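The block underneath contains the structure these notes are about, expressed in structure tokens.
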Amino acid sequence: MKHKRTPDTSISTEICSSKEELSNNSDNRGKDYADHDSAEFSLCNDEEEYNDMDDSRLPLPGRESHTCDLDQFDFYLNEIRALKRHNSEAPFDEILWRFIRSQLEKAKPVGYEELSDSTAVVAKGPQDNAAFMKKMVATGILNPIHPNLIADQTSIPLEQVLTELLYATKSGMMSLKLAPDCKRCGSMVCVLDKFGKLPKGAYCEGCRYYNLLDSTSKIKVIFLLNNDVFYVLAENFACQPSKASLAATKVFAMVPATFSGSGFRYSIGCGGDKMMAPALRAGRYRMHCPVARTDCYLVVERDASGKDEPLELPLHVSDFVCRNVNDKCKTLHAAHGKVHMDVFTDTKSFFVLWVQDDLDDETLLFLPREERKPFTTCMQLIHNMTFERLFSDDTEMILARALERMSKIEEEEPKKNNKMRKLEDGTSCRECV
């Protein structure tokens, strides 16, 4: 029998008041399951630690990541139907929920099986990788859910989409998050599991770039389906690579986490139908994964010859995690470019084996504004009538006032910049010195 998760009261949000207080050593992808009888979110204090890791996101025996449970989805759907709505709100939207269910139906296993031996590996090749990537792309609109993208896909007004997702949050099917947009990589700087005071700044958990959070237009509103509906093992969200970054890519392989700890083998330059890419030439390469939050280098000492036998290079993801801005990147070494990379996702997170030319951060990590997708902002959320009705407790009023203040700062910024203009001879205006 299907049932609803109960709230995890141990989850809290780290709120920082200054750059010096910031630390980037927290997990990003927790699941706090909302109580059916309450839609409250608590205000977190500055002293509370950010720790959103809970048992619901740990690997399950024999379960492949990025798979769904449609029975559980249908259970929650009945809960949403039963919730009483205000007379001014639109009735339950069958079209929207049929669309979301149709996307979930694509989240099926594609053969990334685990082995009982935690030290063993299963060889994967281009066809396997393409199958998993196809599944990720097909279900990408649900991980996370951006209300505006759902509205675009279904032609349902954004306000109505938000209403449905907010009722889904109240039912416990999903959770509502705030996620500032990273100025460099375009991913989410951090994800606030509980509404509270927004930090003044934070290091991006994907690229470790410091962001000042001074504008409501830079804060995304997203929704996350619970793991009992859509089972995803990931420390962080995938970023959207720029065209320039993709052009520098040599190897790009999907590596899901397993329950047993067994790994997957990806062969480079080794021949056969499992070969992921040609042999790497001599040189230094960058290996960065924003999902598992790893960063390291791979040095290939020389070009491989026809006589060289493939090398076995074990890669335990935990050895290369860089969560803090001052963490140093480690370096892997290979005598030549024919390599079997045996990847063990021992952090229990999805991992991307991403080998690129060792170029500057601007090329590899920066996502130009014209390549970024639009998103739903905080101000669009707090002005939604359903949000005001369901989440209008004192905590949300505090949040709303904070965001309103942010909005005023945005409006005043052009005036401030105008006062700080330079005179033609290069000196500052006397009133601004």
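Scanning the range 245-265 for residues that are among the hydroxyl-bearing types (Ser, Thr, Tyr) and either on the phi > 0 side of the Ramachandran plot or part of a strand (DSSP E or B) (or both) returns a single hit, Thr249.
So which residues in the range 326-339 are part of a loop (DSSP other than H, G, I, E, B) and either under 18 Å from the mean Cα position of the chain (by Cα) or farther than 14 Å from Cys296 by Cα (or both)?
Gly337, Lys338
Within the range 121-165, the set of residues being among the acidic types (Asp, Glu) and more than 17 Å from Pro256 (Cα to Cα) comprises Asp152, Glu159, Glu164. Among the residues making up the range 69-93, those that are open to solvent by less than 80 Å² (accessible area, probe 1.4 Å), within 28 Å of the chain's Cα centre (by Cα) and among the charged types (D, E, K, R) are Asp69, Asp74, Glu79, Asp93.
Once the range 302-344 is narrowed to residues that are of a type in the set (S, T, N, Q) and at pLDDT below 95, the residue that is farthest from Phe237 (Cα to Cα) is Asn326.
Of the residues Asp37, Asp27, Asp55, Asp32, the single one that is touching a strand residue (DSSP E or B) at 6+ places or on another chain (Cβ under 8 Å), modelled with pLDDT under 50 and on the phi < 0 side of the Ramachandran plot is Asp32. Please state which one of Met254, Met275 is hydrophobic (A, V, I, L, M, F, W, C), open to solvent by less than 40 Å² (accessible area, probe 1.4 Å) and at pLDDT 95 or above. The conditions single out Met254. Please enumerate the residues belonging to the range 213-226 that are assigned to a loop (DSSP other than H, G, I, E, B) and surrounded by fewer than 23 Cβ atoms within 10 Å (Cβ to Cβ). Result: Leu213, Asp214, Ser215. One residue is enough: does the range 231-244 have a residue meeting the conditions of a type in the set (Lys, Arg), open to solvent by 10 Å² or more (accessible area, probe 1.4 Å), at pLDDT 95 or above and assigned to a loop (DSSP other than H, G, I, E, B)? So far as the range 231-244 goes, no, none of its residues is of a type in the set (Lys, Arg), open to solvent by 10 Å² or more (accessible area, probe 1.4 Å), at pLDDT 95 or above and assigned to a loop (DSSP other than H, G, I, E, B).
Checked against (1) over 15 Å from the mean Cα position of the chain (by Cα); (2) at negative phi, Ile222 passes all but condition (1).
Condition check ((1) more than 30 Å from Thr294 (Cβ to Cβ); (2) part of a strand (DSSP E or B); (3) open to solvent by 20 Å² or more (accessible area, probe 1.4 Å)) across all residues:
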residue: Ala131; (1), (2), (3): no, no, yes
residue: Lys135; (1), (2), (3): no, no, no
residue: Leu149; (1), (2), (3): no, no, yes
residue: Glu159; (1), (2), (3): yes, no, yes
residue: Glu164; (1), (2), (3): yes, no, no
residue: Leu178; (1), (2), (3): no, yes, no
residue: Pro199; (1), (2), (3): no, no, no
residue: Asn211; (1), (2), (3): no, yes, no
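The values are calculated or read from the model by the stated rules, or taken from the named source; none is laboratory data. All figures in this text were calculated on a predicted structure; none of them were measured in a lab. Note: ideal-geometry Cβ built from the backbone for every residue, glycine included; neighbour counts use all protein chains shown. The accessibility values were calculated without ligands, DNA or RNA, using every heavy atom of the protein model including side chains. Shrake-Rupley method; radii C 1.70, N 1.55, O 1.52, S 1.80 Å.
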